[in-house]
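What follows is a single structure, written as structure tokens, with notes after it.
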Amino acid sequence: MDEPHPKRESANAVTIDTNVRCLRIYPTEDSDRTLAELQAVGIKLSKDQAIHLARVLLAVTQQWDEVDITAWRFERRQQDGTYRLTITSRVRP
């Protein structure tokens, strides 16, 4: 007996979780250096986090010309110790 064909979905059904996380943001929240002394900012990602960030960036750059990545270094999530990254763009009229 023939098995029924699985239901098909279009590419429009694909969604991307924009809740990007990272392992660490440098300088750390307990750094005693001032903003004027800082010359770089670092973000530590696991392999899965890096892939997730890449997917989000690839998706949003289909529509946006510029992308802002904000790392929330003072907001460590209690359940897994990760930090939030937000991906945004300024909308021009």
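Quick look at the numbers
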{"quantity": "Which listed residue is surrounded by 11 or more Cβ atoms within 10 Å (Cβ to Cβ) and either touching a Phe, Trp or Tyr at 6+ places or on another chain (Cβ under 7 Å) or of a type outside the set (Val, Ile, Thr) (or both), from Leu35, Leu45", "calculated": "Leu45"}
{"quantity": "Given (1) over 9 Å from the mean Cα position of the chain (by Cα); (2) closer than 22 Å to Asp30 by Cβ, index of the condition Gln62 fails", "calculated": "(2)"}
{"quantity": "Residue satisfying condition, being of a type in the set (Asp, Glu), surrounded by 11 or more Cβ atoms within 10 Å (Cβ to Cβ) and farther than 17 Å from Thr15 by Cα, within set Glu66, Glu75", "calculated": "Glu75"}
{"quantity": "Those residues of the range 66-85 which are assigned to a strand (DSSP E or B) and either of a type outside the set (Asp, Glu) or at pLDDT 95 or above (or both), in sequence order", "calculated": "Ile69, Thr70, Ala71, Trp72, Arg73, Phe74, Arg76, Tyr83, Arg84, Leu85"}
{"quantity": "Failed condition for Leu53, given (1) hydrophobic (A, V, I, L, M, F, W, C); (2) in contact with a Leu (Cβ under 7 Å, 6 or more places away or on another chain); (3) in contact (Cβ under 8 Å) with a residue 40 or more places away in the chain", "calculated": "(3)"}
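This table checks each residue for (1) in contact with a strand residue (DSSP E or B) (Cβ under 8 Å, 6 or more places away or on another chain); (2) in a loop (DSSP other than H, G, I, E, B); (3) closer than 16 Å to Glu75 by Cβ; (4) charged (D, E, K, R).
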{"residue": "Arg8", "(1), (2), (3), (4)": "no, yes, no, yes"}
{"residue": "Ile16", "(1), (2), (3), (4)": "no, yes, no, no"}
{"residue": "Ile25", "(1), (2), (3), (4)": "yes, no, yes, no"}
{"residue": "Asp30", "(1), (2), (3), (4)": "no, yes, yes, yes"}
{"residue": "Arg33", "(1), (2), (3), (4)": "no, yes, no, yes"}
{"residue": "Gln39", "(1), (2), (3), (4)": "no, yes, no, no"}
{"residue": "Ile43", "(1), (2), (3), (4)": "yes, no, yes, no"}
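The values are calculated or read from the model by the stated rules, or taken from the named source; none is laboratory data. Everything numeric here is computed off the predicted structure, so don't read it as measured data. Backbone-built Cβ (ideal geometry, glycine too); neighbour counts: all protein chains shown.
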